[in-house]
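The values are calculated or read from the model by the stated rules, or taken from the named source; none is laboratory data. The structure presented is a predicted model; accordingly, all values stated were derived computationally and were not measured. Positions of Cβ are backbone-derived with ideal geometry, glycine not excepted, and every protein chain shown enters the neighbour counts.
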Amino acid sequence: MPSILIVGNITKDVYLRLDNRINNFETDQNGVKWLDIAFDNTRHHYYSRVSIYGGASISLEVLSRFGINASISGTPATFLDGQFIAKDIHTTYRYILCQDENTSHLVPSDEVYTSWQVPENNPDWIYLDSSAVISPKLATEILDFLNLSRNTKLALFVGRHANQNTSHIQALIERANLIINSVPLEKTVNNNVYIGNDRIEYQGRRVFWTLSNKRDILTRLSVHLTIAASVLGALALGKEPGEALLLARANAENSKLSSTLNLSTLEKNIADDYYRVQKINEKGESMSEIENTAAKLMTPGKGILAADESGGSIHKKFETMGIPDDEQHRRDYRNIFFTTPDLEKYVSGVILFDETARQTADNGKLFVDYLQERGVIPGIKVDQGLVNFENSDEKYTQGLDDLPTRLKEYYDMGARFAKWRAAFEVTDHSPSNLAISKNCEILANYAHDCQNANIVPIVEPELVYDGNYSIEQNIEYTGKILDCLFDELEKKQINLAGCILKVNMVLAGKQQSIQSTPAEVGRATAQVLREHVPRNLAGVVFLSGGQSVTQATENLQAVTNNGPFPWAVTFSYARALQDPALQAWRGDNNNADAAREAFKARLIANTEALKVKQDAYQTE
Ligand code: 13P
């Protein structure tokens, strides 16, 4: 078992959730709100208070849960049997203020220089974590020790507080075997783990991470500590760089405040994740822009909103509600979705229709730019609808002719992914082999053009829900279509790590008298995907296809419960996300806020359905 001696400060973190009511704040003449918080007997305006150990104690906990023999220099603190034991230790208090979902922290007392005590046994690693306040004296003591104990490695966290221009920090950087940095390094090194706002990189590997949808109030500081200690622990145990990053991400994304995960739990969590590690070059650039985009689109916990109804589809939608189908109403309708508060927490991308991509948000910015600024990737529907095969009622999708030119324009406008839908209806004579092979060939041509234009293709073969067929028939047809599709994609040498599949869930047709239960849908969908989708695909997203709003969510939950899968899996609904908002809006912008709320409720419900729920729709 490797041993790691942590050098850092244990803090006592007091989390204060602030009451959001306006009268608890004072407003100055510039309209800026201030909270007067005094650390004496004043009555404070908070409504919950959690106090936990933070700083170096987090490093200790993470490393101990990795099975590493870890201790903190100069303190008797230990982590034993899942408990942090800290008697008679010196701590600095940090107050972490949380208002809504924002947190910031303040340290009322002076920060204390970290102290060092020469260990009795030479550890395998010394780890100066981000809680360490490094004085020149501390740096010299550690470097002196390392001179005597040559086999001991040094890991150093370089954060905002470590001044890289001072000679003692420079000396540590030079000696370090591993540097973990959350800020850019002034000098290039080749042994650093970079923790960015949305990514972790190490040795030519990159994973994206996110904290959205976490109910726990973890500060970025403690998340960085968790990530850093996880990477160090994994590397000390001899794990591969990519695996170390995945373990770190899983720990950051799934840990609770003051309770990180055991190595065995994390290993289960990442079992099928390896494809999601990207390869990056020496400059930290992704080897491929499309792989990068696809990984971002498949950010765990988020979905993709389909708002790309073509003229005909939106016309039908509006007509049933008596809403005038003109450009202004179509703009106003889309504007509701794109301006919904917190959209970026629930969706990674939005698929637009050509007309919408050229329209502007309320603030006068093009929707494409507006979405980008919110951190949502704009995508574009590029197929041009369905036409009949000659002498047949089956259809193929058109739009390949000028596709490269259009893709170039869309890329220049800011679109980074595209969608192309092929539809297969089930009758006594369809889908035929001809319709399947022709549509899959077209999908592969489309995917090829997209990747040439640095645009991620979403390939969408849809077995139409509206039909009279059994779930067994769906298993057969969807499997057959997917086999053909991936054969065609391979022929065209499509890079699957930069490609996303959008597909129907596997269920009985809408006209069957007995509808599939969520448990059946979850099981059948998981089975078909596992048997027919290659492991190196970037991700799988589902269309809702005319399922009811709640059905689409319940079935998604059931699919989630049948995971984990080799690829990320999420929702990309149009109707099941939009319909309640359309009902609320009814073409009247006075109802826009109610519509936004209705939409947000679906976003919350569906992102919740991406989390495994023990008691819902288990595999039998
Ligand atoms: P539905 O979720 O309404 O099926 O739409 C998804 C989509 O993009 C169909 O092409």
With respect to Glu282, is the statement that it is modelled with pLDDT under 85 and outside any helix (DSSP H, G or I) true?
yes
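If we scan the stretch 115-130, do we find a residue that is without any contact (Cβ under 8 Å) to a residue 40 or more places away in the chain, under 17 Å from Gly233 (Cβ atoms) and assigned to a strand (DSSP E or B)?
Going residue by residue through the stretch 115-130, those that are without any contact (Cβ under 8 Å) to a residue 40 or more places away in the chain are 118, 120, 122.
Those left that are additionally under 17 Å from Gly233 (Cβ atoms): none.
No, the stretch 115-130 has no match at all.
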Can you run down the residue pairs with Cβ atoms below 8 Å, 6 or more apart or on separate chains, where the first is in the stretch 78-104 and assigned to a loop (DSSP other than H, G, I, E, B) and the partner is modelled with pLDDT under 75?
Asp100/Asn20
Here is a check on your reading of the model: is Val350 farther than 17 Å from Ala435 by Cβ and of a type in the set (A, V, I, L, M, F, W, C)?
yes
Filter the stretch 344-365 down to the residues that are under 25 Å from the mean Cα position of the chain (by Cα) and farther than 15 Å from Gly379 by Cα and list them by number.
Lys345, Tyr346
For Leu543, the lone unmet condition from (1) within 21 Å of Tyr477 (Cα to Cα); (2) away from the ligand (no atom under 13 Å from the Cβ); (3) under 21 Å from the mean Cα position of the chain (by Cα) is (2)
Which residues, taken from the stretch 242-268, are more than 15 Å from Asp198 (Cα to Cα), at pLDDT 80 or above and of a type in the set (S, T, N, Q)?
Asn254, Ser255, Ser259, Thr260, Asn262, Ser264, Thr265
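Yes/no per residue for (1) closer than 18 Å to Ile377 by Cα; (2) surrounded by fewer than 17 Cβ atoms within 10 Å (Cβ to Cβ); (3) of a type outside the set (Ser, Thr, Tyr); (4) more than 15 Å from the ligand (Cβ to nearest atom):
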site	(1), (2), (3), (4)
Pro457	yes, no, yes, no
Glu460	no, no, yes, no
Gly467	no, no, yes, no
Glu472	no, yes, yes, yes
Gln493	no, yes, yes, yes
Ala497	yes, no, yes, yes
Leu501	yes, no, yes, no
Arg523: outside any loop (DSSP other than H, G, I, E, B), under 19 Å from Lys345 (Cβ atoms) and away from the ligand (no atom under 16 Å from the Cβ), yes or no?
no
Is it the case, given these coordinates, that Asp487 is among the acidic types (Asp, Glu), surrounded by fewer than 20 Cβ atoms within 10 Å (Cβ to Cβ) and in contact (Cβ under 8 Å) with a residue 24 or more places away in the chain?
yes
Please work out which one of (1) of a type outside the set (Ser, Thr, Tyr); (2) more than 9 Å from the ligand (Cβ to nearest atom); (3) within 17 Å of Asn474 (Cα to Cα) is the condition Asn536 fails and give its number.
(3)
Only one of Gly54, Gly67, Gly74 is over 20 Å from Met1 (Cα atoms), among the small types (Gly, Ala, Ser), out of contact with any strand residue (DSSP E or B) (no Cβ under 6 Å at 6 or more places or on another chain) and modelled with pLDDT of 85 or more; which?
Gly74
When you scan the stretch 336-435 for helices (runs of 4 or more DSSP H) that lie fully inside it, which ones turn up with 3 or more residues that are more than 15 Å from the ligand (Cβ to nearest atom) and within 26 Å of Asn591 (Cα to Cα)?
343-346, 367-373
Given (1) in a helix (DSSP H, G or I); (2) free of Cβ contacts under 8 Å to residues at least 24 places away in the same chain; (3) not acidic (Asp, Glu), index of the condition Thr188 fails
(1)
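Take Val506 and decide whether it is more than 27 Å from Val207 (Cβ to Cβ), out of contact with any Ser or Thr (no Cβ under 9 Å at 6 or more places or on another chain) and surrounded by 23 or more Cβ atoms within 10 Å (Cβ to Cβ).
Criteria not met by Val506.
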Going through (1) assigned to a strand (DSSP E or B); (2) more than 16 Å from the ligand (Cβ to nearest atom) one by one, Asp483 fails only at (1)
Restricting attention to the stretch 547-596, which residues are out of contact with any helix residue (DSSP H, G or I) (no Cβ under 7 Å at 6 or more places or on another chain), within 16 Å of the ligand (Cβ to nearest atom) and not in a helix (DSSP H, G or I)?
Ser548, Thr570, Ser572, Ala574
Collect the residues in the stretch 158-174 that are part of a loop (DSSP other than H, G, I, E, B) and out of contact with any Ser or Thr (no Cβ under 8 Å at 6 or more places or on another chain), keeping them in residue-number order.
Ala162, Asn163, Gln164, Asn165, Thr166
If Asn292 satisfies all but one of (1) within 15 Å of the ligand (Cβ to nearest atom); (2) surrounded by 21 or more Cβ atoms within 10 Å (Cβ to Cβ), what's the number of the condition it fails?
(1)
Among (1) within 16 Å of the ligand (Cβ to nearest atom); (2) part of a loop (DSSP other than H, G, I, E, B), there is one condition Phe599 misses while meeting the rest; what is its number?
(2)
If you go through the stretch 301-310 one residue at a time, do you hit one that is surrounded by fewer than 22 Cβ atoms within 10 Å (Cβ to Cβ), within 20 Å of the chain's Cα centre (by Cα), away from the ligand (no atom under 16 Å from the Cβ) and part of a loop (DSSP other than H, G, I, E, B)?
yes
Does Glu620 satisfy being at pLDDT below 95, more than 14 Å from the ligand (Cβ to nearest atom), on the phi < 0 side of the Ramachandran plot and of a type in the set (Asp, Glu)?
yes
